[in-house]
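The values are calculated or read from the model by the stated rules, or taken from the named source; none is laboratory data. The shown structure was predicted, so the numbers you read here are calculated from the model rather than taken from an experiment. Neighbour counts are summed over all protein chains in view; Cβ atoms, including those assigned to glycine, are modelled from backbone coordinates with ideal geometry.
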Amino acid sequence: MKKTSVLAFGLVAATALTSPAKADKLDDIISSGTLRCAVVLDFPPMGSRDEANNPIGFDVDYCNDLAKALGVTAEIVETPFPERIPALMSGRVDVGVASTSDTLERAKTVGMTIPYFAFQMAVTANDKSGVKSFEDMKGKVVGATAGTFEAIALEKSVKEWGAGEFRPYQTQADVFLALSQGQIDATVSTSTVAQSNVKGGKFAGISVVGNAPYDIDYVALFTNREEYGLINYLNLFINQQVRTGRYNELYEKWVGGEVPSLSVNGVYR
Amino acid sequence: MFSYNFHWNQAFKALPQMLDGALVTLQIALLSMAIGLVVALALTLFRLSGNRILNGFATVWVEIARNTPALFQIYMAHFGLGSFGIHLSPYTALLVGIAFNNAGYLAENFRGALKAIPETQTRAGRSLGMTPLQAFRYIVMPQMLRIAFLPATNQMVWAILMTSLGVTVGMNTDLAGVTQALNAVSFRTFEFFALAAVIYYVIAKAVTLAARLAATRMFRY
């Protein structure tokens, strides 16, 4: 009797020592003390740089809040739109706080949280192009930022129209540069981006002419698909941001106006 | 740590689209080479002409083409000219940018080849009653083209690879553009980029081999 209990104790001790509990990404972040967020800094007001070259914007603040909740320091890793996923897959970042549309196609590759922000799509046109609404874009040369929700939607529209031309540019700044030069006649972008670029005054001769009839673009945080522990945490974090009023506060600070609802009527999640 | 599961079957579905893109890539490379050769020949003649303005023009062209990044040259062709109201489509801008670059490098190739041809040959031709242009056309140029042929195929390979810079000016029909678009929709970055790399490799290799084959055929003594 005594022998077996000693043996059993020995076995338990041995397994406890040899196989530590498997640490998941959430553990890794907490123990490393740093949360590395992929943020697009070419996408005001969500992400950009101030005069001192420091990252600022809604997404930057959101990442800082998340780091604070986790009790770690935030590290903003600048990633252009097309490089968000390679950055995650190669382990350079832990979480994407990068205004990423939660499409089903992409969810096959990365794990998406519940939406943390929602965009309305707006049409911005060169004043000389004669484009006064979304319908006027038919047959014109249009462009958008490669790899975004609106670029994919706009390219599809151009294909359906069977007329005109679609040009994807690598950065939002290039799109507005091409638009103000008249290289393209119109673009579809999130209304927040459109307003901030038109009002910013860097690009002359362009105006926001109306809304684009695309679905509301819900954007999610993302991380590796299999990291359920972290995704769970992120979902709760987003919920808490809304619940505590922090979401409204950040929206007022960076965008202003009516705060978009993050829930879809008639269905869970 | 690398955590990624490859979905090759998804990527292979897009292969026809990517091969269409590869055709556009090859087309731009070939056109830019043809334009580049003609311009390079003109630049070489300018340099030989002894005219200071023509010589200066050729030198400036070669200096800029060889000492600034191709990305910059293509970007300037689209956004640079665009700010002066000259609007080149992404296709044209890419073609112009690469042709500009090609001409600069090929002109240098030609200059190197010319150095390998003894001056005495021109003088011999002149003493037979040829004009300077005739001596160049019938004695020097054939040898120059022969010597410069294999270095020029390097430039052709380089032109093929440079087409991938077209994405910066909104090009979406060449191989790099198609790949970027597919990547944006599905986020299957590694599959599509690996496929694109293989296609670029195959094209570049095929061009080198074809050039070598052509060289042994054309340059038999």
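A compact table of results
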read-out	value
Residue among B:Leu88, B:Leu128 that alone is hydrophobic (A, V, I, L, M, F, W, C) and closer than 19 Å to B:Asn172 by Cα	B:Leu88
Some residue of segment B:131-143 being in contact with a Ser or Thr (Cβ under 7 Å, 6 or more places away or on another chain), more than 14 Å from chain A (Cβ to nearest Cβ), within 30 Å of A:Glu83 (Cα to Cα) and at pLDDT 90 or above	no
Residue satisfying condition, being at pLDDT 90 or above and either in contact with a Cys (Cβ under 7 Å, 6 or more places away or on another chain) or of a type in the set (A, V, I, L, M) (or both), within set A:Ala186, A:Ala194	A:Ala186
Selected residue [under 30 Å from A:Gly91 (Cβ atoms) and either within 14 Å of chain B (Cβ to nearest Cβ) or among the aliphatic types (A, V, I, L, M) (or both)] from A:Leu236, A:Leu177	A:Leu236
Among the candidates A:Ala163, A:Ala204, residue that is more than 8 Å from chain B (Cβ to nearest Cβ) and modelled with pLDDT under 90	A:Ala204
Neighbours by Cβ (under 6 Å, 6+ apart or cross-chain): first from segment A:164-178, not assigned by TED's automatic domain parsing to the domain that holds A:Lys202; second at pLDDT below 95 and not small (Gly, Ala, Ser)	none
Within segment A:77-105, considering residues that are assigned to a helix (DSSP H, G or I) and in contact with a helix residue (DSSP H, G or I) (Cβ under 9 Å, 6 or more places away or on another chain), the one surrounded by the most Cβ atoms within 10 Å (Cβ to Cβ)	A:Ile85
Residue count, segment A:115-158 (criterion: surrounded by fewer than 19 Cβ atoms within 10 Å (Cβ to Cβ) and assigned to a strand (DSSP E or B))	1
When residues of segment B:174-196 are limited to those that are in a loop (DSSP other than H, G, I, E, B) and in contact (Cβ under 8 Å) with a residue 40 or more places away in the chain, the one farthest from the other protein chains (Cβ to nearest Cβ)	B:Asp174
Among (1) crowded, with 20+ Cβ neighbours inside 10 Å; (2) within 14 Å of chain A (Cβ to nearest Cβ) - the single one B:Trp8 does not satisfy	(1)
Pair list, Cβ < 7 Å and 6+ apart or interchain, from segment A:28-40 residues that are under 25 Å from A:Pro80 (Cα atoms) to residues that are of a type in the set (Asp, Glu) and part of a loop (DSSP other than H, G, I, E, B)	A:Ile29/A:Asp94; A:Leu35/A:Asp94; A:Arg36/A:Asp94
The lone exception for B:Gln155 - which of (1) touching a Ser or Thr at 6+ places or on another chain (Cβ under 7 Å); (2) away from every other protein chain (no Cβ under 14 Å) it fails	(1)
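Residues are listed down the side, and each one gets a yes or a no for (1) in contact (Cβ under 8 Å) with a residue 60 or more places away in the chain; (2) assigned to a helix (DSSP H, G or I); (3) among the aromatic types (Phe, Trp, Tyr); (4) on the phi < 0 side of the Ramachandran plot:
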residue	(1), (2), (3), (4)
B:Thr44	yes, yes, no, yes
B:Leu54	no, yes, no, yes
B:Val62	no, yes, no, yes
B:Ala65	no, yes, no, yes
B:Ala77	yes, yes, no, yes
B:Leu88	no, no, no, yes
B:Leu95	yes, yes, no, yes
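This table checks each residue for (1) farther than 30 Å from B:Tyr4 by Cβ; (2) outside the structural domain of A:Val93 (by TED's automatic domain parsing).
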{"residue": "A:Gly201", "(1), (2)": "yes, yes"}
{"residue": "A:Glu227", "(1), (2)": "no, no"}
{"residue": "A:Asn239", "(1), (2)": "no, no"}
{"residue": "A:Val242", "(1), (2)": "yes, no"}
{"residue": "A:Gly245", "(1), (2)": "yes, no"}
{"residue": "A:Val259", "(1), (2)": "yes, yes"}
{"residue": "A:Val267", "(1), (2)": "yes, yes"}
